[in-house]
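The next block holds one structure in the form of structure tokens; read it before the comments.
The values are calculated or read from the model by the stated rules, or taken from the named source; none is laboratory data. Being a predicted model, the structure only gives us computed values, none of them experimental. We place every Cβ from the backbone using ideal geometry, glycine too, and count neighbours over all the protein chains shown. Areas reflect the complete protein model, heavy atoms only, side chains present, ligands, DNA and RNA absent. Shrake-Rupley method; radii C 1.70, N 1.55, O 1.52, S 1.80 Å.
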Amino acid sequence: MRSVLALLLFLLFHYSPAQMAKISSSVKAGSEAGAMSLNARTRFQNGERIVPANAQMTVNFRALSGMKCRISLTSAGAGTARISSGGKLILSRALTGKADTRAIEFSLPTSPPTQTVSLNLSAGRGQRMVFYSASFSAEDVDLDNSGYGDAIERLVGGPGSQVRVKPPASPRSTFQTGAPYEPKLDLFTDAVLVYSSDANRIKGWADRGYRVQTMGGFRDYQPYAEANPQNVQRRADGSAISIANSFYLAPTEDRLQTQLDYYRKAIQAGSTAIAPEEPEYWADAGYEEAFKSLWRDQFGADPPLPHSSPSARWQTDRFKAKLMADMTHSILKPFSNARRMIAVHSPINYPFWRIAFAHHQTLLNPLVQDAIGQVWSDTVRTEIDLGRYPEEPFLLSYAEYASLAGLTRGTGKNLWFLMDPLSDAPTLAIEDCRRLYATTLVASLFFTEAQQFEVLPWPERIFGRVPTDYATTVLSGIRALESAARSNATLDAGTNGVAAFFSDTMAYQRGEPSISRFEGFLAKTFPLIERGIPVQMLSMERMTEPNYAARARVGLISFDYMKPDEPHVRALADWVKRGNVLVLLGGTDPYNDMPESWWRQQGRQTPSEALFAMLGIEAKLRQTYIDPIAESTWIELGRHGPAPTQDNARRWVWFDLAEQARQGKSVYLRLNDPYPSDGFGPHIRQVRLELDGRVGAAFFTGSQIEEIFLYADQGSKTNRDGRFADGNRSFTYRFNLPKADRAQIGFEIAQQWEVSLSEQPPFPERAVRALKPDLQGLKLRNDEPMTFADAPNYERLFESDEGVLGFVAPAGQGAIVFVGIAPDAFGRYPKSDDALRSIVKFACQRANLRYIERPRYIAKRGEWHAIYATTAPTALKGLFVDALDPNLAVMKDPTIPIKTPKLLLHVSNSLSKPALLHSTGKATLVQETASRSGYYLRGPLGVPGAARIALGKGAKIEMFDATGNPAQFNIRQENGTALVRWDMRPEGCVLIVTAQ
């Protein structure tokens, strides 16, 4: 027998699907230190432990109660082996003979929960033994068939029937990954969306107790694109549409068969659900041969060029959406033996991003059982071409989640909400990722319609890569979502009963030759959401359903960016007649002129006029477009560029305005990109006007003072470094110059720029006058079209020099409020949002609905409070745990700052006895009594765990690893609670809190 000098004491611990713990350790002669508790006259020589006559030795192993154990003892000579636990003998066996390995099997008593197994070897008078090694193994048992080992249950505090946390009948939490199982990715959600059909990958996750769902996409990589160029979505210039090396494809028959084969393999491998994601057809596409072929198969003729006319755009994009809906349903149909899911962006995002997709047509098909609403950091930080709202993550988060909730409400379909701790843009700062993650997570909890959550995608790009405190925060958010999902949401906010209508058709007029301004949808909702009005988002395609819109009393709609079908508009008219009030905005849009449209077939010029006819309202509308002033009226003061041939660093540049100042004129200064093709337009940080050596005006861009001088904004944006305008965008300042001999204007500016001066505004300024004291007028300074009304029989609300712009007309028991201002105007100017709110308040009065604003939202799900303060800080009473703080901070009577998302657990009523309040670890076994509580907490390897514990009148806190050994942890007490920190692991730790 060879001598091995090193003590090998190692623990091999894992869980089978039935969650059975296994423990292994070993000790060898000469290396017993740490394992040997008794050495009476033995000696080590030549690689052997000699036990002479009347000598003995004892080595120890740790195990849990009730385990089935086996000791493989390698020894020689004569003596006795005694096995005991806690000083009580379990068995004794006489040993004789030459060197050999003997297996001794036994079971441990069921008390106490953790035990020390002692192996004593002794030699009597005239005997001599040689000890070489002993290997110990133990396995838990599940005699109560709870799915967990009885030993770990006893360590927590009781049998499985008392301590097991019963998983939900259907999963409430999942995450998306393309990776095989790894301990660092073990998030302990109810399910996992595996982005693979590989049998080993699926089995790897299923063996860890996950319900496996299989996700797949509609794109493919370079080899397929090169082999099938006719199927790749293409722009008018023939260029392929892709994300890096992943190509968007037309939904051809071969793609369908590829998808079906993929999901068949997954189901055969044990997946329980299929989830096709992102069946997307871009507005810019439609020039590939596959699309032309699909069109010919459907209509028997060649398709029109999508950009050739508004009618062609409408028809081709509607067909694209139908193709994707049909393919999705064809994928789902064969799999009646699996849960059928679909993952898509929101009804707000797809038209905003110019993707042709029909949400109602696709998601509300009976084949679809679950819908995953993909709202995340990248969708909610989309730049918005509205001066008042350049980037509004919370407002956009609310609108996106609300549209998904409104679409699926009452359908019986499971609605999942997604959020993402990171961004698809790898350069986005981690602090921005934290802010966007918190914003979307908090907003997702406002809507009772969502009781399931895809807590994150791609953990492989998160854990082990982001700062550890952020990883802890993400896990805390996951556990909070799982807990909050058990309760319906009650929303403490402003007036409930205001709705905005959306439609699949929003996605059909977002391409050339006329890209409708979808910002109008946001401009008519953001001013209300910002003031705490929980705007419902309702699908026009569902208006034919009885009572679908029963919770809404006031609705907002514009046909400028959507054209719902005639039955849906008629259902809207019926809703008005039943006693509700509709605010109709705008009315001028190139898509009104489609000759094949249902309203033209009825002899009406616009869908607005067709709606009036349905309501019995006698009104004619006159559409107008606004032309800019002649370019010849602009005088170029200077330009710089193009990049990179000239230095584009930030600098001050000055221009002389003395001639205009001597006459006391108003001047308009336009900044635009002189080289629009490369995206390096003017980037302004601050502006300074000097008159006769004195400061006439000075401001930083993005400030409230800038709003006084920013006259017209044609799509500029702001960021931390200032205001910029790339491509065809521009912005214009107006300065009313007092008389002065000397005047100059300075810009702290970077990149390439052109500065031009005019003594006329860029567009004719049009004053909209309110004709009632409770309404607010506004001035239009951009290219918003106006729609005038010939409606002499109704009360006028707004007018301009050119005619009537607004009226209110009764319709059945309800009324319609028409305002012929393009909806995006209400998001462009200072105070324009006030004008929109005055209109909605007026409509609420007509509907006998009290209009109440709030400066915040508070959604309550059980004791969870999801809070966002929009316009003023919000004070709360009580003691709370901050789930988005890595230290689970305790907050007493907190004040929540504006634009700071918070997810707080109210614990004021939970402090009387020792108990776990919140943890980043998943508590899969729990026992709570007045005197003692136990929790089995599990989580991914390598992430610091955090638990906030109520101490009652005093408590002792212990933590054990899953083998029963004391685990290392840190503790800090505050406000009658304790913060416990430890290193998480999939095999888990048991936290014991005992009253003292």
message: What's the number of the only condition in (1) in contact with a helix residue (DSSP H, G or I) (Cβ under 9 Å, 6 or more places away or on another chain); (2) among the polar types (S, T, N, Q); (3) not in a strand (DSSP E or B) that Gln744 fails to meet?
response: (3)
query: Does Leu323 qualify as being more than 21 Å from His568 (Cα to Cα), open to solvent by 10 Å² or more (accessible area, probe 1.4 Å) and touching a His at 6+ places or on another chain (Cβ under 7 Å)?
result: no
- prompt: Right, Gln704: of a type outside the set (D, E, K, R), touching a Pro at 6+ places or on another chain (Cβ under 9 Å), more than 14 Å from Phe731 (Cα to Cα) and open to solvent by 20 Å² or more (accessible area, probe 1.4 Å) or not?
  reply: yes
task: Report the residue count in the stretch 218-239 for those that are over 29 Å from the mean Cα position of the chain (by Cα), open to solvent by 30 Å² or more (accessible area, probe 1.4 Å) and of a type outside the set (D, E, K, R).
output: 10
statement: Scanning the stretch 136-182 residue by residue, those more than 30 Å from Leu95 (Cα to Cα), among the hydroxyl-bearing types (Ser, Thr, Tyr), out of contact with any Gly (no Cβ under 8 Å at 6 or more places or on another chain) and open to solvent by less than 60 Å² (accessible area, probe 1.4 Å) turn out to be Ser170, Ser173, Thr174, Thr177
Residue identified as under 25 Å from Ala312 (Cβ atoms) and touching a Pro at 6+ places or on another chain (Cβ under 8 Å) among Thr505, Thr544: Thr505
- request: Considering each residue of the stretch 232-268, count those that are in contact with a Lys or Arg (Cβ under 7 Å, 6 or more places away or on another chain) and not β-branched (Val, Ile, Thr), and give that number.
  value: 5
task: Could you identify the single residue in Leu323, Leu305 that is modelled with pLDDT of 95 or more and either of a type in the set (Val, Ile, Thr) or in a loop (DSSP other than H, G, I, E, B) (or both)?
output: Leu305
query: All but one of (1) farther than 25 Å from Ser24 by Cα; (2) out of contact with any His (no Cβ under 8 Å at 6 or more places or on another chain); (3) not basic (Lys, Arg) hold for Tyr935; which doesn't?
result: (1)
- request: Out of the residues in the stretch 149-168 that are at pLDDT below 90 and of a type in the set (A, V, I, L, M), state the one that is nearest to Asp190 (Cα to Cα).
  value: Val165
- request: Being in contact (Cβ under 8 Å) with a residue 40 or more places away in the chain, over 20 Å from Ser716 (Cα atoms) and assigned to a loop (DSSP other than H, G, I, E, B) is the filter here, so list the residues in the stretch 646-674 that pass it.
  value: Gln646, Leu657, Gln663, Gly664, Lys665
query: For residues in the stretch 858-876 being in contact with a Pro (Cβ under 7 Å, 6 or more places away or on another chain) and closer than 24 Å to Arg486 by Cα, which is surrounded by the fewest Cβ atoms within 10 Å (Cβ to Cβ)?
result: Leu876
message: Among (1) over 29 Å from Arg381 (Cα atoms); (2) surrounded by fewer than 22 Cβ atoms within 10 Å (Cβ to Cβ), there is one condition Ile745 misses while meeting the rest; what is its number?
response: (2)
- request: Look at the stretch 522-541 and say how many of its residues are closer than 23 Å to Met614 by Cβ and open to solvent by 10 Å² or more (accessible area, probe 1.4 Å).
  value: 2
- prompt: hydrophobic (A, V, I, L, M, F, W, C) and within 19 Å of Pro351 (Cα to Cα): does that describe Leu249?
  reply: yes
statement: Selection over the stretch 198-254 where residues are in a loop (DSSP other than H, G, I, E, B), among the aliphatic types (A, V, I, L, M) and at pLDDT 95 or above yields a count of 3
message: Looking at Pro567 and the list (1) in contact with a strand residue (DSSP E or B) (Cβ under 7 Å, 6 or more places away or on another chain); (2) open to solvent by 10 Å² or more (accessible area, probe 1.4 Å); (3) more than 20 Å from Ala843 (Cβ to Cβ), which single condition is not satisfied?
response: (1)
- request: Look at the stretch 950-996 and say how many of its residues are more than 16 Å from Leu917 (Cβ to Cβ), among the basic types (Lys, Arg) and surrounded by 16 or more Cβ atoms within 10 Å (Cβ to Cβ).
  value: 1
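Yes or no, residue by residue, for (1) touching a strand residue (DSSP E or B) at 6+ places or on another chain (Cβ under 6 Å); (2) buried (at least 21 other Cβ atoms within 10 Å of the Cβ):
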{"residue": "Ala767", "(1), (2)": "yes, no"}
{"residue": "Asp790", "(1), (2)": "yes, no"}
{"residue": "Asn793", "(1), (2)": "no, no"}
{"residue": "Val817", "(1), (2)": "yes, yes"}
message: Within the stretch 912-925, does at least one residue satisfy the condition of being open to solvent by 30 Å² or more (accessible area, probe 1.4 Å) and assigned to a loop (DSSP other than H, G, I, E, B)?
response: yes
- request: Identify the residue in the stretch 926-942 that is among the aliphatic types (A, V, I, L, M) and touching a strand residue (DSSP E or B) at 6+ places or on another chain (Cβ under 8 Å) and, among all such residues, is surrounded by the fewest Cβ atoms within 10 Å (Cβ to Cβ).
  value: Ala930
- prompt: Could you say whether any residue in the stretch 855-866 is in contact with a helix residue (DSSP H, G or I) (Cβ under 6 Å, 6 or more places away or on another chain), among the small types (Gly, Ala, Ser) and part of a strand (DSSP E or B)?
  reply: yes
message: Condition check: out of contact with any helix residue (DSSP H, G or I) (no Cβ under 9 Å at 6 or more places or on another chain) and open to solvent by less than 70 Å² (accessible area, probe 1.4 Å). Does Glu277 satisfy that?
response: yes
- line: Residue set Thr316, Thr252, Thr328, Thr272; condition within 30 Å of Arg211 (Cβ to Cβ), out of contact with any Cys (no Cβ under 6 Å at 6 or more places or on another chain), free of Cβ contacts under 8 Å to residues at least 60 places away in the same chain and open to solvent by less than 70 Å² (accessible area, probe 1.4 Å); output residue Thr328
field: Flag if Arg600 is surrounded by 12 or more Cβ atoms within 10 Å (Cβ to Cβ), in a strand (DSSP E or B) and among the basic types (Lys, Arg)
entry: no
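Each row is one residue, and each column tells you yes or no for (1) in contact with a Ser or Thr (Cβ under 9 Å, 6 or more places away or on another chain); (2) open to solvent by less than 10 Å² (accessible area, probe 1.4 Å); (3) farther than 12 Å from Tyr561 by Cα.
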site	(1), (2), (3)
Ala489	yes, no, yes
Asp492	no, no, yes
Met506	yes, yes, no
Gly520	yes, yes, no
query: Do any strands (runs of 3 or more DSSP E) lying entirely in the stretch 22-135 carry at least 3 residues that are closer than 30 Å to Leu155 by Cα and open to solvent by less than 30 Å² (accessible area, probe 1.4 Å), and which ones are they?
result: 22-28, 56-64, 68-77, 79-85, 114-122
